[in-house]
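So the structure is just underneath, and the comments pick up after that.
Rule-based calculations on the coordinates, nothing more; no lab input. These numbers were taken from a predicted model, which means no experiment stands behind them. A quick note on method: Cβ atoms are made from the backbone with ideal geometry, for glycine too, and the neighbour counts reach across all protein chains shown.
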Amino acid sequence: MPHHHEFYIDSQWVAPAGQNVIDVIDPATEETVATIAAGEAADVERAVAAARRAFASYGQTRREERLDLLTKIIAVYRRRSDELAEAISTEMGAPLAFARERHVPAGLGHLQRTVEVLKTYEFDEAVNETLITREPIGVCGLITPWNWPLNQIACKVGPALAAGCTMVLKPSEVAPLSALIFTEILHEAGVPAGVFNLVNGDGPHVGQALASHQDVDMISFTGSTRAGTLVAKAAADTVKRVHQELGGKSPNILLDDADVEAAVTHGARACFANSGQSCNAPTRLLVPFDRQDQAVAIARRIAEETVVGNPRSASTTIGPVVSELQFARIQSLIEAGIAEGATLVTGGLGRPAGFDRGYYVRPTVFANVRNDMSIAREEIFGPVLSILPYKGEEDAIRIANETVYGLSSYVTSGDPERARRVARRIRAGMVHLNGARGDNAAAFGGYKRSGNGREWGRFGFEEFLETKSMFGYLAQSH
């Protein structure tokens, strides 16, 4: 692609202020496949100024104009779907089939859902003689991660455009290639000058400059809880809105009347999918003590059936994890699990057999895990499943809630009413009952250190709106 060493500002591809570059590494080969320009504060300044100028007009556009723009974006996105899938597979190691079937459609789905929300959204509401109206918040800084690149870009950019906001996007410097294509899509679709801007770079230089900028009205950040804390601190002095979708350590409770075979199969596959690199992955499997052996045997089988391999191979189930840093962190946590006394069922340290290069991790299952162990407390972000036995329903709920995180959770029971009752007691922003899939019309987000605010559907759209009360607006004139 021709724009690796440029930024997109004010509808133009422009040279960066500095000369620094960042290598983009293919995690399957550990080889550099591209370099991108590394932004700095001066680039952010230029992009924010463009967004601020554009907001004066774009913030006043009609619903129909924004619907037309989003419809054009969707059309171009569809046409370039294969390129997007190739980029994601290369930059973050997703199997090509998984990139085509899950990653690319996830982004498209958010754009389509945004259109549906915008078509019918009521911006004005009458309260006595007061008109309550909802207006775009203004200039938004969007900081997105590498694990679901298009999903996270689309579920921020789509609602921001629909709300009438202007924005500066800083995608992950680890997986920036799909973001460059996405930017080309927006340009071709005719996004007005300054409405959408892209500056590549790292957190300390670009992310920090965005979060602390006095002309940025909102920061929407997805990433680790550690990085989210830094973003919030940087944003505090300007009292801007801070929207965060952070880490998770999601419990998956199998109640004693659950179909263990089906539930463990589903849960283990969900844990390993995307090489375990999903913030809402069901990584803590809670099972009754007397069913642990059965659950362990099933989880072992699923782990050993999971084919770790080249993302370009049709037989591959999961590819590598995204980077050397992630690989090393996962290895250290597997080592901690062994050292702290968990039972290693399968997998473990090192690459799978046959690999001496690439950030490939063995699908790993631990049993007899206690909730005070590192592998039960820390977000591993790799294909590692921890099985925690419990004594009774109350104990399961206690263990599930005994975490600093509260993003997602899972409950399986043969009695739907029992599953509903337990779901209401889980301190998390989302609960999947009996294997139910997520719904992009619902609210995505968490409690506690998993962040604040919500994404997806109407709930994500409303994060980009301010509420104004106009008293006496509806009073009869005399």
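Normalised by the number of residues in region 251-439, the mean separation of alpha-carbon contacts (under 8 Å, six or more apart) gives a relative contact order of 27 percent.
Defining a contact as two alpha carbons under 8 Å apart and six or more residues distant in sequence, what relative contact order in percent does the chain show? Provide the component values of the computation, followed by the final result.
Values: 1114 pairs, mean separation 88.0, N = 478.
Across the chain, relative contact order equals 18 percent.
The DSSP beta bridges internal to region 221-370 are antiparallel in roughly 35% of cases.
Using mean Cβ contacts within 10 Å as the protection proxy, how do 217-227, 66-76 order, highest first? Walk me through the intermediate numbers first.
Values: 217-227: 21.8, 66-76: 17.3.
Output ranking for 217-227, 66-76: 217-227, 66-76.
Considering only Pro145, Gly59, Thr90, the residue lying farthest towards the positive end of the dipole of region 56-170 is Thr90, judged by Cα position with unit charges set on Cβ. Ordering Arg79, Arg300 by the number of other Cβ atoms within 10 Å of each residue's own Cβ, fewest first, gives Arg79, Arg300.
Dipole magnitude for region 251-439: computed about the Cα centre from +1 point charges on Lys and Arg Cβ and -1 point charges on Asp and Glu Cβ, it is near 400 debye. A crude spin-label estimate for the pair Gln12 and Ala236, with each label 7 Å from Cα along the Cβ direction, gives 3.9 nm. Taking 0.36 nm per residue of separation and subtracting the Cα-Cα distance, full extension of the segment from Gln60 to Glu188 would add 43.9 nm. The Stokes-Einstein estimate for region 251-439, based on a Kirkwood radius over Cα pairs and taken at 25 °C with 0.890 mPa s viscosity, is a diffusion coefficient of 149 µm²/s.
Of the GluC sites (Glu not before Pro) found in region 127-186, those in coil by DSSP whose Cβ has at most 14 other Cβ atoms within 10 Å are Glu129.
Exposure proxy shown here: for His243, His5, the number of other Cβ atoms within 10 Å sets the order, fewest to most, as His5, His243.
What order do you get for 59-65, 281-287 when each peptide is scored by the mean count of other beta carbon atoms within 10 Å, highest first?
Going by the mean number of other Cβ atoms within 10 Å, highest first, we get 281-287, 59-65.
Label separation (Ala42 vs Leu474): 5.3 nm, computed from points 7 Å beyond Cα along the C-beta direction. Taking 30 Å as the straight-line reach from the Cα of Lys448, the lysines in range (excluding those fewer than 8 positions away in the same chain) are Lys156, Lys170, Lys233, Lys240, Lys249, Lys391, Lys468. The listed peptides 45-51, 80-86, ordered by packing as a protection proxy, come out as 45-51, 80-86 (highest mean of other Cβ atoms within 10 Å first).
Dividing the summed helix terms, -39500 (n - 2.57) for each DSSP H run of n ≥ 4, by the number of residues in the chain produces a 222 nm estimate of -11500 deg cm²/dmol to the nearest 500. Note on the chain: antiparallel DSSP beta bridges, both residues inside, total approximately 45 percent of the bridges counted. The Val127 and Arg427 beta-carbon pair, evaluated with R₀ = 25 Å, returns a calculated FRET efficiency of approximately 0.15. With an a/c value of 1.5 or above and a/b not larger than b/c for the gyration tensor axes a ≥ b ≥ c computed over the alpha-carbon atoms, the chain is described as oblate.
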